[in-house]
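The structure under discussion appears below in the form of structure tokens.
The values are calculated or read from the model by the stated rules, or taken from the named source; none is laboratory data. Values in this document were obtained by computation on a predicted structure and should not be read as measured data. Using ideal geometry, Cβ is built from the backbone for each residue, glycine included, and neighbour counts are taken over all protein chains shown. For the accessible areas, the whole protein counts, side chains as well, though only heavy atoms, and no ligand, DNA or RNA atoms are used. Shrake-Rupley method; radii C 1.70, N 1.55, O 1.52, S 1.80 Å.
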Amino acid sequence: MASSPREGENGIPCEALSGKKYMVIGGTQFMGRHLVSKLLSLGAEVVLLNRGKTPNPFEGHPRVSLLRCDRLNQRAAFRRIVRKFAGDGIVDFVCFKPHSIRDVITSVKRQEGRPAPHYVFISSDSVFMAVDRTAVDAAHARAQASSQSGGGGLREEDVPLEPPSAEAKAAALRRNAYQFGYGSGKLKCEVELRGGRYPEYSCLRLPDVIGQFDNLGSHLSVQEALCSGASVGVRMEGVHDPVGHRISIAYAPNVADAIVSVMRTGVAAYGQTFHIACKQSTTLPDYVRMVAEMCGISEVNLDVGQDSEMVSVDTGHLDVSRATKVLLDWTPAHLREAIQTTVVWNFNLENAGYTRNLASDSSGSSSSSSSGNSDEDIIGDGGDKEAVVIEDDGGNSVDAYGGDRKRKHGVGGSPPPRVEGGGLHKAFQPGAPVQFSFNLE
């Protein structure tokens, strides 16, 4: 009798991706790191393409190779590498401008008798910050009218893929100039893909992301504040009622699952955009209370006048139903479980130090301000919303980030506040479980 196939993560047979080769642009931090681990667990080979500034956590693995290239300042070399090593698929965590999309899709070498590499572009819910706001508000009204639980959230088709009017653009810039710029860059990339030049693509839009190996530190800042007895800000720019405003959160390992599912779904996922987030939406105050519960903290001081560390956009939660219907074997993570896993990971002082160090590097290395800049200035080459921006050997400020983070403070903003002792102190320990009441939808 033939033996049954071994199962990898999420119940997918390990042999499912054996012999496949995937290029991951980024791949050494946060979501990219989770994705590479997932691909390796399923038998795939992985080519990492990045600038090599972040230590490679997969060094020495027989099925991982690292190619170093600055896609912004070495575009010809980047295109040659893509042409030669694209393999069965490309996952792009660090693309923020349409010309970077073109560098990929015009470089892929098509081979007779073989499918073209599946290109997966990691986008963001910030695209909703770059369109006519009336369309977003109308979409929420539609969702609320069709759902007794308060609405199913924004759908993929709720973004009009055309430039906003001058009046709408001015309003968006007043609302949040940085997010408008970042969202505009991502939206232009999506428009470039929809132009039909390369039909074998899929687009994943993500909200703010939590999980192990976080390199931003937003969740960690909330957890540290709670454990030290400090107040936690729940003010969100553009949101008048944080208590009633629903948000979505994604979980990094679940994002990796979704990317693998996109690859396995294949043709049915071509030309499609998917929202990827936890199954339940929540409010920011309830999110903080869930973190507190899992830290064993019963008293929570929410400050509506203090800016939140957690939420980048004010456009509300996402509808993930398309992804659950189309993608093979993908189930959205449960929000409470995602928070619990993240909280437990942060209780390890080494883990918390890893996140805090990367977050400090990210915030401290930005050198320009987004105030008053145009969308082109804000999203200039090498400056993304949450990139680890560092100096290369030639003194150029470029992106070295392997995942799609969202900097909450914008370019040149202040880093998250540190708790005394860097947040790694005796008060930062789990207590007995405390039960709160939450409204999860």
Run the numbers for Ala138 and Glu162: contour at 0.36 nm per residue of separation, minus the present Cα-Cα distance, in nm. 7.0 nm
A 1.4 Å probe over the protein heavy atoms gives the stretch 257-309 a carbon and sulfur accessible-area percentage of 41
Provide the FRET efficiency to the nearest 0.05 for the Arg322-His61 pair, computing r from the beta carbons and using R0 = 45 Å. 0.85
Given an 8 Å cut-off on Cα distances and at least 6 residues of separation, report the relative contact order of the stretch 160-257 as a percent. 31
Obtain the nm distance between the two label points defined at Leu349 and Ser18 by a simple spin-label model: each point lies 7 Å from its Cα along the Cα-to-C-beta direction. 4.4
For Cα pairs less than 8 Å apart in space and 6+ apart in sequence, what is the mean separation divided by the residue count of the stretch 184-321, i.e. the relative contact order in percent? 40
About the Cα centre, charge dipole magnitude for the stretch 183-246 (Lys/Arg +1, Asp/Glu -1 at Cβ), debye: 260
Contour minus Cα-Cα span, Arg174 to Ala145, at 0.36 nm per residue, comes to 7.5 nm
Any idea of His61's accessible area? Nearest 10 Å², probe 1.4 Å. 60
Would you list Lys186, Lys20, Lys109 from the most to the least accessible area, probe 1.4 Å? Lys109, Lys20, Lys186
Links that overshoot a 19 Å alpha carbon limit, given the list Lys20/Lys186; Lys84/Lys109; Lys20/Lys325; Lys20/Lys109; Lys21/Lys84; Lys20/Lys84: Lys20/Lys186; Lys20/Lys325
Taking Cα centroids, how far is the stretch 256-281 from the stretch 285-303 in Å? 31
Inter-centroid distance (Cα atoms) of the stretch 107-149 relative to the stretch 155-211, Å: 8
